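S.K.: Just dropping this structure here.
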């Protein structure tokens, strides 16, 4: 079975357990228990990124290898700086705080020795990102932030979107019965899942992550596979520990609930401030009119 990384979405969910004061958006600042947002984190200098092409299904594969030409993994501060260079506009704190935490978590996943990009992981991240950024004021900015984020990790944002879309289209065409039976069929996505199952079963490099769990959840959702046994069968077919997946999906659902609550409070705050500005403007206008009489 695949090893479980030490990082968790639970740290993000804890961000929204605090009492929210809408008079100060600093209340949304997260309590990040697992990873502190420090710029002096260090990593195994022998780990480095290499990119290869998977000939069976034409998807970009990224993994960590000590034989790469890169001598050391970049620190978290470099990834964050790359993001800030690529996207210079301010981001509302309710979005930015969680984005920064996700970036630290994903940086540590990205530069693990056992990391290898796969489309299910990409689908999971795209799902989390789209849920987080739902309702963002500008669609163009939402896209630009996504691209800056993935590029900062030295990965390909277009590949993430393309692979996520392929998996979504495939899942929509599946049934509860066929979803976990990929090993007996041929096809581009079937080959992707077979590759993951082989690596997770010990025949290659695979590092389970929370984004992978969310990717599985999205496949089930799109296939309308609501029976609890389907997830168990899919995890078994992929050689992934279902208990870990269940735990991470519970935390993910809790995080989404907290995000919805926080966004509602933010909207109330913005509406109230807009009303106050309107009232102040009306008072100023009345005072000016009184002075001219």
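The values are calculated or read from the model by the stated rules, or taken from the named source; none is laboratory data. Values in this document were obtained by computation on a predicted structure and should not be read as measured data. A quick note on method: Cβ atoms are made from the backbone with ideal geometry, for glycine too, and the neighbour counts reach across all protein chains shown.
S.K.: Please go through the stretch 157-209 and give me each residue that is modelled with pLDDT under 95 and touching a strand residue (DSSP E or B) at 6+ places or on another chain (Cβ under 8 Å), ordered by number.
M.R.: Of everything in the stretch 157-209, those that are modelled with pLDDT under 95 and touching a strand residue (DSSP E or B) at 6+ places or on another chain (Cβ under 8 Å) turn out to be 199, 200, 204, 205, 206, 207, 208.
S.K.: Can you find even one residue in the stretch 76-90 that is assigned to a loop (DSSP other than H, G, I, E, B), in contact (Cβ under 8 Å) with a residue 40 or more places away in the chain and more than 30 Å from residue 198 (Cα to Cα)? I'd like the intermediate steps shown before the answer.
M.R.: First, pick out the residues of the stretch 76-90 that are assigned to a loop (DSSP other than H, G, I, E, B): 87-90.
Add one more test, that the residue is in contact (Cβ under 8 Å) with a residue 40 or more places away in the chain, and what stays is 87, 89.
Still in the running and more than 30 Å from residue 198 (Cα to Cα): 87, 89.
Checked against the condition, which is being assigned to a loop (DSSP other than H, G, I, E, B), in contact (Cβ under 8 Å) with a residue 40 or more places away in the chain and more than 30 Å from residue 198 (Cα to Cα), the stretch 76-90 yields at least one hit.
S.K.: Out of 205, 183, 178, report the one residue that is surrounded by fewer than 21 Cβ atoms within 10 Å (Cβ to Cβ), assigned to a loop (DSSP other than H, G, I, E, B) and at negative phi.
M.R.: Numbers: 183 fails: assigned to a loop (DSSP other than H, G, I, E, B); 178 fails: assigned to a loop (DSSP other than H, G, I, E, B).
Of 205, 183, 178, the one residue that is surrounded by fewer than 21 Cβ atoms within 10 Å (Cβ to Cβ), assigned to a loop (DSSP other than H, G, I, E, B) and at negative phi is 205.
S.K.: Kindly indicate the residue of the stretch 136-164 that is free of Cβ contacts under 8 Å to residues at least 12 places away in the same chain and surrounded by 14 or more Cβ atoms within 10 Å (Cβ to Cβ) and also farthest from residue 104 (Cα to Cα) among those meeting that condition.
M.R.: Filtering the stretch 136-164 for residues that are free of Cβ contacts under 8 Å to residues at least 12 places away in the same chain and surrounded by 14 or more Cβ atoms within 10 Å (Cβ to Cβ), the one farthest from residue 104 (Cα to Cα) comes out as 162.
S.K.: Still on this structure: Pick from the stretch 70-92 the residues that are within 25 Å of residue 119 (Cα to Cα) and modelled with pLDDT under 90: which of them is surrounded by the most Cβ atoms within 10 Å (Cβ to Cβ)?
M.R.: 73
S.K.: While we're here: Only one residue in 129, 117, 111 is under 12 Å from the mean Cα position of the chain (by Cα) and buried (at least 20 other Cβ atoms within 10 Å of the Cβ), so which one is that?
M.R.: Values: 117 fails: under 12 Å from the mean Cα position of the chain (by Cα); 111 fails: under 12 Å from the mean Cα position of the chain (by Cα).
Going through 129, 117, 111 in turn, just one is under 12 Å from the mean Cα position of the chain (by Cα) and buried (at least 20 other Cβ atoms within 10 Å of the Cβ): 129.
S.K.: All but one of (1) under 24 Å from residue 167 (Cα atoms); (2) touching a residue at least 60 places away in the same chain (Cβ under 8 Å) hold for residue 259; state the number of the condition that does not hold.
M.R.: Failed condition: (1).
S.K.: Residues in the stretch 262-269: is at least one surrounded by 13 or more Cβ atoms within 10 Å (Cβ to Cβ), within 24 Å of the chain's Cα centre (by Cα) and modelled with pLDDT of 85 or more?
M.R.: no
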